[in-house]
Amino acid sequence: MLRLAPVVLGLGPLIALAGCTLDWDRVSQQGHDLPSLTTGSTGDGATTPDASTSADASTADDGTTSGAATTVSTATSGGSASDGATGTTGDDDGKAVPVEVEVILNSPSPMLHVGEVQVSVWTSRPVASIDVFDGDVPLVLGAAPANPVHVFEVTSDVVPGDGTHTLRAVAHAADGVSGEGMEELMIDVQPGGSDVWPPYVKAGPINGFTSAAMLGNGIAVAGFFETNDDLEAVAVRVDGTKGQPEGSPIHLGPVAVSGGGRGPAIAVGDDDAAFVAWTFPDKGSTRWAVSRVKFGEPKEQTWIGLLGTSVNALIVVDDSLVLVGADEVKPGTHDLKVWWVSATGGEQQDERTFAASPAEDKLNDWDEVARGVALVGDEIVVVGERMTKNEDDVEVQRTVVLRYGLDGASLGAWTSPGELMDEDVAMAVAPLREGGFVVTGWGRDLGFKNRLLLTRWFTAAGAPGPVRIEPSSSDSVGYAVGEDREGKIIVAGAAVKPLQDADSWILAIPGPAGAPAWEVVRSGPGQGPDEAAGLAIDSWGYVYVAGSEFGGLQPQAFALRLYP
């Protein structure tokens, strides 16, 4: 399965040539005209070579292609050769001049990493169109000759698939003469879920990572470390090439709670500044806190919310931060909260509250908490948990999904009907490239302690779709979710093995049905719970995971970069 990347090609007869990799002196010495090296810009005109271009073809530098190219010429096909006066090409004897073809790739062979492959084609004389095939499978038909003729993507070990691919180009001249060339490309991408670099593991000064976001060619991560007195929020950037932190961690302030679905949480703005939100302990209660972080620069001012508030996730929307969490209305009872905060000054701009109606919950005893938030198109989607009653009048926890416009206007609220399991809770949400969004968390039946990792899809209009439950003999939960370049859903969380503590669990699922494409279970060396709490996916589908695991007697932070 190959994916086309749209390329705007110039029209008109020209020689299609690859990436400036030919030996130009050799070409000119053999009598070739040098074509324009237009690279697919919209509206760029192409230089038309002289129709008397020499027909000697073998001009590529041996070091620039992935293997030996093969050139095949066909004398005539569907038309007779003639002189240039009639618009066709022939030699002095009236015979058609062959079209020699060479396929040139911008990728080395074997190709070991995901990336883009540009297929360019050199021809010995002008042609009208070019067909490109992978073996016998057409990739593009009737393409205008340009540089490159076609672009396809290698995105995992199954797309387009490991092994040898024979890329053929058939060039068709206006006088009916055709020529064919081919080039072999070996693809040997590492299996999905395997490590790109050795896992980064650090026991202090950071004891755990709880959130991750893409920042440049690496990730910004938020986490915590233990002091003699309390926990403190920290942020650091991990280089995506080396898998090592850049600079020292930035210490932000005391933390009341930490872990998957509880923060500290991190998000990145357009100016490469990061924002970290966490729950700050104060006078026996808590407040939300947020700080702007520019790695390599001193810590900036911390903004805090009202007493009794807590924050579990955030996103950046233009010049505002959207924080989600809860407000304690009495001990142990919360209303779900969404706050809009200025990203430049920290002023609170707006807020929204979600709670059960007085008819449902007269004394406001039920708990409602937001756990995750995402920008989905032009909507802000907030997910979390709420108390309600089932058809048997029994109190249960259920997923709640709230949708807001960019102006904060409410667009709808949905509560899970519990159609598959008695209880379910959403811990995270992510947008889908084809529209809509996906939610992960957990579900369980009443009377059972163990939870099962649950994933649910929603349409662009917010309508609930299929539900998927990962079978397990013990407790499991999803803390973070995202979609890779191929459309696989990546979930990071934790799972408990029988008679053991929780292990970090990362899996790639193809959709509502089907076995996971790959999964990783990571167990720390010590005795204690481990969890993969943070997740970020780059533009090529590489998966970054951040979490905590026990080593010895205390937790330690870890970060992974996995092949898609």
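Below are the figures for this structure:
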{"item": "Qualifying position, being touching a His at 6+ places or on another chain (Cβ under 9 Å) and among the acidic types (Asp, Glu), among 368, 360", "result": "368"}
{"item": "Verdict on residue 181 being farther than 26 Å from residue 554 by Cα, at pLDDT 95 or above and out of contact with any Leu (no Cβ under 8 Å at 6 or more places or on another chain)", "result": "yes"}
{"item": "Some residue of the stretch 205-216 being out of contact with any strand residue (DSSP E or B) (no Cβ under 6 Å at 6 or more places or on another chain), of a type outside the set (Ser, Thr, Tyr), farther than 22 Å from residue 289 by Cα and not in a strand (DSSP E or B)", "result": "yes"}
{"item": "The stretch 152-194, subset among the β-branched types (Val, Ile, Thr) and open to solvent by 10 Å² or more (accessible area, probe 1.4 Å), residue nearest to the chain's Cα centre (by Cα)", "result": "158"}
{"item": "Candidates 377, 372, filtered to the one that is open to solvent by less than 10 Å² (accessible area, probe 1.4 Å) and either of a type in the set (Gly, Ala, Ser) or touching a residue at least 24 places away in the same chain (Cβ under 8 Å) (or both)", "result": "372"}
{"item": "Yes/no for residue 145 being assigned to a loop (DSSP other than H, G, I, E, B) and farther than 30 Å from residue 487 by Cβ", "result": "yes"}
{"item": "Whichever residue in the stretch 460-469 is open to solvent by 40 Å² or more (accessible area, probe 1.4 Å) and not in a loop (DSSP other than H, G, I, E, B) and, among such residues, is nearest to residue 259 (Cα to Cα)", "result": "469"}
{"item": "Residue list for the stretch 447-459, restricted to those being modelled with pLDDT of 95 or more and open to solvent by 60 Å² or more (accessible area, probe 1.4 Å)", "result": "459"}
{"item": "Where a residue in the stretch 385-399 is free of Cβ contacts under 8 Å to residues at least 60 places away in the same chain and assigned to a strand (DSSP E or B) and its partner, wherever it lies, is surrounded by fewer than 18 Cβ atoms within 10 Å (Cβ to Cβ) and basic (Lys, Arg), with Cβ under 8 Å and at least six apart", "result": "395/389; 396/389"}
{"item": "The stretch 119-135: number of residues that are buried (at least 21 other Cβ atoms within 10 Å of the Cβ) and farther than 14 Å from residue 105 by Cβ", "result": "6"}
{"item": "Subset tally (residues that are over 20 Å from residue 459 (Cβ atoms) and either of a type outside the set (Lys, Arg) or open to solvent by 40 Å² or more (accessible area, probe 1.4 Å) (or both)) for the stretch 385-404", "result": "12"}
{"item": "Unmet requirement for residue 233, which otherwise passes all of (1) in a loop (DSSP other than H, G, I, E, B); (2) of a type outside the set (D, E, K, R); (3) open to solvent by less than 20 Å² (accessible area, probe 1.4 Å); (4) touching a Gly at 6+ places or on another chain (Cβ under 9 Å)", "result": "(1)"}
{"item": "Index of the failed condition, residue 209 passing every other in (1) at pLDDT 95 or above; (2) open to solvent by 10 Å² or more (accessible area, probe 1.4 Å); (3) within 30 Å of residue 240 (Cα to Cα); (4) of a type outside the set (Val, Ile, Thr)", "result": "(2)"}
{"item": "Residue match in the stretch 310-318 (condition: crowded, with 21+ Cβ neighbours inside 10 Å, of a type in the set (A, V, I, L, M, F, W, C) and in contact (Cβ under 8 Å) with a residue 60 or more places away in the chain)", "result": "yes"}
{"item": "Residue count, the stretch 326-365 (criterion: open to solvent by 20 Å² or more (accessible area, probe 1.4 Å), part of a loop (DSSP other than H, G, I, E, B) and under 25 Å from residue 416 (Cβ atoms))", "result": "10"}
{"item": "Hits in the stretch 368-379 - residues which are part of a strand (DSSP E or B) and more than 22 Å from residue 210 (Cα to Cα)", "result": "376, 379"}
{"item": "Residue within the stretch 483-500 that is over 22 Å from residue 435 (Cβ atoms), outside any loop (DSSP other than H, G, I, E, B), out of contact with any Cys (no Cβ under 8 Å at 6 or more places or on another chain) and of a type in the set (D, E, K, R) present", "result": "no"}
{"item": "Filter result (touching a residue at least 60 places away in the same chain (Cβ under 8 Å) and of a type in the set (S, T, N, Q)) within the stretch 151-178", "result": "155, 156, 178"}
{"item": "Answer residue from the stretch 236-266, given it is over 26 Å from residue 374 (Cα atoms) and of a type in the set (Gly, Ala, Ser) and is most open to solvent (accessible area, probe 1.4 Å) among those", "result": "248"}
{"item": "Sole exception among (1) over 17 Å from residue 424 (Cα atoms); (2) among the hydrophobic types (A, V, I, L, M, F, W, C); (3) open to solvent by 10 Å² or more (accessible area, probe 1.4 Å); (4) not in a loop (DSSP other than H, G, I, E, B) for residue 508, by number", "result": "(3)"}
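Listed here are the residues, each with its yes/no results for (1) part of a loop (DSSP other than H, G, I, E, B); (2) at pLDDT 95 or above; (3) open to solvent by 20 Å² or more (accessible area, probe 1.4 Å); (4) farther than 27 Å from residue 237 by Cα.
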| position | (1), (2), (3), (4) |
| --- | --- |
| 471 | yes, no, yes, yes |
| 474 | yes, no, no, yes |
| 479 | no, yes, yes, no |
| 514 | yes, yes, yes, yes |
| 528 | yes, no, no, no |
| 532 | no, yes, no, no |
| 535 | no, yes, yes, no |
| 545 | no, yes, no, no |
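The values are calculated or read from the model by the stated rules, or taken from the named source; none is laboratory data. Source: prediction; values computed, not measured. Positions of Cβ are generated from backbone atoms using ideal geometry, with glycine treated the same way; all protein chains shown enter the neighbour counts. The area values use the complete protein model at the heavy-atom level, side chains included, leaving out ligands, DNA and RNA. Shrake-Rupley method; radii C 1.70, N 1.55, O 1.52, S 1.80 Å.
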